[in-house]
Structures are given as structure tokens and as C-alpha cells.
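The values are calculated or read from the model by the stated rules, or taken from the named source; none is laboratory data. As the structure is a prediction and not an experimental result, all values here were calculated from the model. Don't worry about glycine lacking a Cβ; one is built from the backbone with ideal geometry, like all the others, and counts go over all protein chains shown. Ligands, DNA and RNA are excluded from the accessible area calculation, which covers all protein heavy atoms including side chains. Shrake-Rupley method; radii C 1.70, N 1.55, O 1.52, S 1.80 Å.
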Amino acid sequence: MLTMGLDIGSTACKSIILRDGEQILARSVVPLGTGTVGPRKAFGEALDLAGVARSEIDRILLTGYGRFSFDDADGQMSEVSCHARGIYFLLPSVRTVVDIGGQDVKALRLSEKGALENFVMNDKCAAGTGRFLGVMAGVMNVKTEDLGALSEGATEEVSISNTCTVFAESEVISRLSAGVRLADLTAGIHASVAKRVASLVFRGGVVRDVALSGGVALNRGVVRALARELKIDVLVHPDCQMAGAIGAALFARQQL
Ligand code: ADP
């Protein structure tokens, strides 16, 4: 049995094809959010990589912010449920999942059997999200994907006092014109994100093991800064950005 999960996020579309709810046959990440191009591309790329036709997929479920914006599927499932399911598949020891996506942050609590027990979410604000990091990377003229490696060269942390993205952007510009090192500034930006995210995680409670997921989990600097704020090790799976899509493909398998 082949199932597909397509996670249509605000910033990126992720698709996964699973065989029998166990084996990942193909994965695709397209750095375009909800709309027509991103979902269609992620959908097509996964089919191409798996070498199968749409008609060979037994069930397709959509999840994510844009899950009602795509027609060629069999149903939709909430992103929180899919995320919980996907993380349990990837890292079964995890009880607290922190998902940092393009525009939101969620902290999920799972039971030992992977059931979703509760979750907390940020308010409608870009602070502490991928959007915040993207804006700061833009001002520093570096790629978002390079922030993690850049921060590894930091010798001190230049703290950013404003949490609001707009004010923090001005602060970063003035720090740059004062001649601070990019690496030190980046470390400060990661610390600012980690503080913001940690306050949300503490609201939901921290139970071991803790994992970071979503695209921002690929930034090692954020992972380190968050582990420091939470005073706990933070696990990251290489498929951390795929958790929602994996969960959707698993629910699709269950529905057959
Ligand atoms: P959403 O589902 O909300 O669209 P994702 O969980 O897919 O979001 O994460 C998208 C975010 O992850 C974007 O802000 C993007 O900049 C960030 N991101 C993606 N890949 C990387 C990477 N390699 N390093 C750092 N950040 C990344």
C-alpha cells in the first residue's frame, strides 16, 4: 500500500510517500508555501522520486496551514495531529516537541504511546519563528540556511533586546553599522529566538525527551541556543521538517 502526506505550510510544502506506513519511499521539500506552485511541485517531485503515478497512490492526505487549497487529494487532517504522529514515528522516545515553522511555533506534549496530550501555540507574531530569522538573514545579506554555521564562529553574543521583528530588524541594522561581527550578531539572534520559544515551551511544561522539529530545526545554532535556554538536550531528526507530512501519510494508511 502506498500513501502520501502533503504538508502545505505557510512557507514550505513537504511531501512524503510511504510504503505500508513503514518505509519512506520519497520525500520532497519545496521552499514555497501555500498557493498553486508549491503544493503541485512537492506533490509531483515525490511521485517522480518514487517512480510511481498518482493512480498508484492508495490514499493522499493533506495537512498544514494551506491544506484546504489543494484539490487532488482524499482528505485533510489537522497539522497538530499529523505532527505528533510524525514525530512519534521518527523519535518514539519524545514527549515534548517544539515545532518552529515559517510563521508559527508550537509546543506539543505526547503520551508514551505518542497520543497528543496538549499543545500551546504562539500568538500571531513573527518573533521566534522562521520569518524572524529570514528577516534578520536578509538584513545581514546571508542565506537563512547559513545562519547556523555562521553562528558557530561567534566569540561573544551580541544581544538583541527587541522581540518585535520590526524593531529587532532596526536594532540589527544599527549593530551592523556599529561594526559588530556577523557571527556574534547571529548568535545573539539565535538566543533571542530561543528565549521567545522557551517561554512558550515552559508554558506547556517540559518532559523528556525533547525534540525540535520544523524547518528551523535545521539551524544548529537555534538548536544549541534552545537547549541552553531549556537546560535540557534537544533531539533533532534529519527528517525534522517532514514530521507533518509523515503523520499525514500514516493517517492515510490507517484509513485504508
Ligand atoms: P511551514 O510548515 O510553517 O511552512 P517549515 O516547518 O517547513 O514551515 O519551516 C520553514 C522555515 O524553515 C523557513 O522559515 C525556512 O527559512 C526554515 N528553514 C528551512 N530549511 C532551513 C535550513 N536548512 N536551515 C535553517 N532554516 C531553514
Tell me which of Val206, Met77, Ala46 sits at the most positive position along the dipole axis of the chain, charges placed on C-beta atoms (Lys, Arg +1; Asp, Glu -1).
Val206
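Report the charge-dipole magnitude of region 89-237 in Debye, nearest 20, computed about the Cα centre from +1 at each Lys and Arg Cβ and -1 at each Asp and Glu Cβ.
Taking the Cα centre of region 89-237 as origin, the dipole is about 300 debye.
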Give me the distance in nm between label points sitting 7 Å out from Cα along the Cα-to-Cβ direction at Ala53 and Ser199, one decimal.
5.5
What number comes out for accessible area per residue over region 93-236 if the probe is 1.4 Å? Units Å², please.
47
In region 93-236, lysine pairs 8 or more places apart or on different chains with C-alpha atoms under 23 Å apart total 6
By how many degrees, 0 to 90 and rounded to 10, does the Cα axis of helix 130-140 deviate from the longest principal axis of the chain?
50
For Ser111 and Asp20 in one chain, what is 0.36 nm times their gap in residues minus the Cα-Cα distance, to one decimal in nm?
30.4 nm
What is the Cα centroid distance between region 1-55 and region 89-145, reported in whole angstrom?
21
Charge dipole (the chain, unit charges on Cβ, about Cα centre) - positive-most of Phe119, Met242, Ile17
Phe119
Out of all DSSP beta bridges with both ends in the chain, state the antiparallel percent to the nearest 5.
65
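Compute the relative contact order of the chain as a whole-number percentage, counting only Cα pairs closer than 8 Å that sit 6 or more residues apart in sequence.
25
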Peptide ranges 154-162, 99-107 listed from the most packed, as the mean C-beta count within 10 angstrom indicates:
99-107, 154-162
Rounded to the nearest percent, how much of the accessible area of region 118-256 (1.4 Å probe, protein heavy atoms only) is carbon and sulfur?
53
Of the heavy-atom accessible surface of region 19-107 (probe 1.4 angstrom), what whole percent is carbon and sulfur?
47
Can you order the peptides 241-247, 67-73, 203-209 by their average number of other Cβ atoms within 10 Å per residue, highest first?
241-247, 67-73, 203-209
Mark the label point 7 Å from the Cα of Ile173 along Cα→Cβ and return the residues of region 114-142 whose backbone N is within less than 12 Å of it.
139-140
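Taking Cα pairs under 8 Å and at least six residues apart, what relative contact order does region 70-161 come out at, in percent?
It comes to 18 percent, rounded to a whole number.
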Value of [θ]222 nm, deg cm²/dmol, for the chain, DSSP H segments ≥ 4, -39500 (n - 2.57) each, nearest 500
-12500 deg cm²/dmol
How big is the gap, in Å, between the Cα center of region 195-256 and the Cα center of region 161-191?
25
